[in-house]
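Q: So that we are looking at the same thing, I have put the structure below in structure tokens.
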Amino acid sequence: MTVTRIVANLAVGDPAADAPFWTGLLGLDTPMDMGWIVNHRAGTAQVQLISRDATAPEDSRVSVEVEDLAALEAVHAQAVAEGYEIVHPLTDEPWGVRRFFVRTPQGVVVNVLAHA
């Protein structure tokens, strides 16, 4: 399995309110803005601002993208087998990803995803 990117998910009240900081001051692009989540990036560096996840019961603090759907299924199966808490089940989201949320031993919620 290959991890293709890891992105910090920062909890904010209004993702749009911080846009001038990320795009103006720091010069990042905004390839994705869904209102409740906004992604800013420059090359491979990325940050996501999240007000509240649209479909999951909890917000994640980091997103980890894996290479493909088979890798995602394998990571999910391993997480279940090892007894990690699945916070949000494997879900096909309307924005073109399949994902699940898993809690680390220290309580961090991680969004593991692959593009569908």
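Laboratory data are not the source of any read-out in this text; all were calculated from the coordinates shown. The shown structure was predicted, so the numbers you read here are calculated from the model rather than taken from an experiment. As a convention, Cβ positions derive from the backbone with ideal geometry for all residues, glycine included, and neighbour counts pool all protein chains shown.
Q: What tally of residues in segment 104-116 results from selecting those that are over 16 Å from ILE6 (Cα atoms) and surrounded by 13 or more Cβ atoms within 10 Å (Cβ to Cβ)?
A: First, pick out the residues of segment 104-116 that are over 16 Å from ILE6 (Cα atoms): 105-107, 116.
From what is left, the residues that are surrounded by 13 or more Cβ atoms within 10 Å (Cβ to Cβ) are 116.
Of the residues in segment 104-116, 1 are over 16 Å from ILE6 (Cα atoms) and surrounded by 13 or more Cβ atoms within 10 Å (Cβ to Cβ).
Q: Limited to segment 70-91, what total is found for residues that are surrounded by fewer than 16 Cβ atoms within 10 Å (Cβ to Cβ) and in contact (Cβ under 8 Å) with a residue 40 or more places away in the chain?
A: Total meeting the criteria: 1.
Q: Same structure again: Looking at GLY24, is it more than 15 Å from TRP95 (Cβ to Cβ) and assigned to a loop (DSSP other than H, G, I, E, B)? First the steps, then the outcome.
A: Numbers: more than 15 Å from TRP95 (Cβ to Cβ): yes; assigned to a loop (DSSP other than H, G, I, E, B): no.
The answer is no for GLY24.
Q: May I ask you to list the residues in segment 92-107 that are free of Cβ contacts under 8 Å to residues at least 40 places away in the same chain and within 14 Å of the chain's Cα centre (by Cα)? Show your work before the answer.
A: Narrowing segment 92-107 to residues free of Cβ contacts under 8 Å to residues at least 40 places away in the same chain: 92-94, 96-100, 102-107.
Those that are free of Cβ contacts under 8 Å to residues at least 40 places away in the same chain and within 14 Å of the chain's Cα centre (by Cα): ASP92, GLU93, GLY96, VAL97, ARG98, ARG99, PHE100, VAL102, ARG103.
Q: Still on this structure, please answer the following. In segment 92-103, what residues are part of a strand (DSSP E or B) and loosely packed, with under 12 Cβ neighbours inside 10 Å?
A: Residues of segment 92-103 part of a strand (DSSP E or B): 92, 97-103.
If the condition is that a residue be part of a strand (DSSP E or B) and loosely packed, with under 12 Cβ neighbours inside 10 Å, then ASP92 is the only one that fits.
Q: Would you pick out the residues in segment 65-91 that are in a loop (DSSP other than H, G, I, E, B) and either small (Gly, Ala, Ser) or in contact with a strand residue (DSSP E or B) (Cβ under 7 Å, 6 or more places away or on another chain) (or both)? Explain how you work it out, then say what you get.
A: Taking segment 65-91 first, the residues in a loop (DSSP other than H, G, I, E, B) are 67-68, 82-85.
GLU67, ASP68, GLY83, TYR84, GLU85, listed by residue number.
Q: Here is a further query. What tally of residues in segment 5-44 results from selecting those that are on the phi < 0 side of the Ramachandran plot, over 17 Å from the mean Cα position of the chain (by Cα) and without any contact (Cβ under 8 Å) to a residue 12 or more places away in the chain?
A: 5
Q: Do we find a residue being more than 22 Å from HIS88 (Cα to Cα) and surrounded by 12 or more Cβ atoms within 10 Å (Cβ to Cβ) anywhere in segment 48-63?
A: From segment 48-63, those more than 22 Å from HIS88 (Cα to Cα) are none; that's our starting set.
Scanning segment 48-63 turns up no residue that is more than 22 Å from HIS88 (Cα to Cα) and surrounded by 12 or more Cβ atoms within 10 Å (Cβ to Cβ).
Q: Taking the conditions exactly as written (over 19 Å from VAL108 (Cα atoms) and outside any strand (DSSP E or B)), does ALA19 satisfy them or not? So that I can check it myself, show each step before the final result.
A: Details: over 19 Å from VAL108 (Cα atoms): yes; outside any strand (DSSP E or B): yes.
Yes.
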